[in-house]
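Read through the structure below, which is laid out as structure tokens, and then see the notes.
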Amino acid sequence: MKEMNNSSNQEPTLAVSLTVGQLRALIREELLRSTGQRDHGIGGAPVSSPEAGRPYLNLKEAAGMARLAPSTIRLYIRKGELKAHKVGSRVIIKKEDLEEFVESQPIAQLDN
């Protein structure tokens, strides 16, 4: 950041360089703050909390909630380890089933 003096105003102003993505994130944060919403998205996931108040999640929402890739969620569904339902061409997962699945997974210990 570069500090710039404004001769007409005694308070210094700052010049900041942002990427387009950083600017979008900053604007999103301010909009959410002003509207009272919260951002639960991970890496471009929906801005408002999709899982709030809904019993079913789509594949992308389930992946975000479980902090896994959508392809990993699909793999667990194919293996029969995670229950899912097909509605037309869409795959939906019951939120309770996803929570139970995540809790049942062992957590690996890393040895140093």
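The values are calculated or read from the model by the stated rules, or taken from the named source; none is laboratory data. Bear in mind that the values here come from a model prediction, so they are computed numbers and not experimental data. Cβ placement follows ideal geometry from the backbone for every residue including glycine, while neighbour counts extend to all protein chains displayed. SASA here: full protein model, heavy atoms, side chains in, ligands and nucleic acids out. Shrake-Rupley method; radii C 1.70, N 1.55, O 1.52, S 1.80 Å.
Descriptive notes on the structure:
- Per-region count, segment 84-112, residues assigned to a loop (DSSP other than H, G, I, E, B), within 17 Å of Arg54 (Cα to Cα) and either touching a Leu at 6+ places or on another chain (Cβ under 7 Å) or open to solvent by 60 Å² or more (accessible area, probe 1.4 Å) (or both): 0
- Answer residue from segment 70-83, given it is open to solvent by less than 100 Å² (accessible area, probe 1.4 Å) and over 12 Å from Leu59 (Cβ atoms) and is farthest from the chain's Cα centre (by Cα) among those: Gly80
- Residue tally, condition open to solvent by 40 Å² or more (accessible area, probe 1.4 Å) and either of a type in the set (Asp, Glu) or in contact (Cβ under 8 Å) with a residue 12 or more places away in the chain (or both), over segment 59-69: 3
- Taken over segment 52-72, the criterion of being more than 16 Å from Glu100 (Cα to Cα) and in a strand (DSSP E or B) is satisfied by Asn58 alone.
- Meets criteria (at pLDDT below 75 and either surrounded by 10 or more Cβ atoms within 10 Å (Cβ to Cβ) or in contact with a strand residue (DSSP E or B) (Cβ under 7 Å, 6 or more places away or on another chain) (or both)) for Met1: yes
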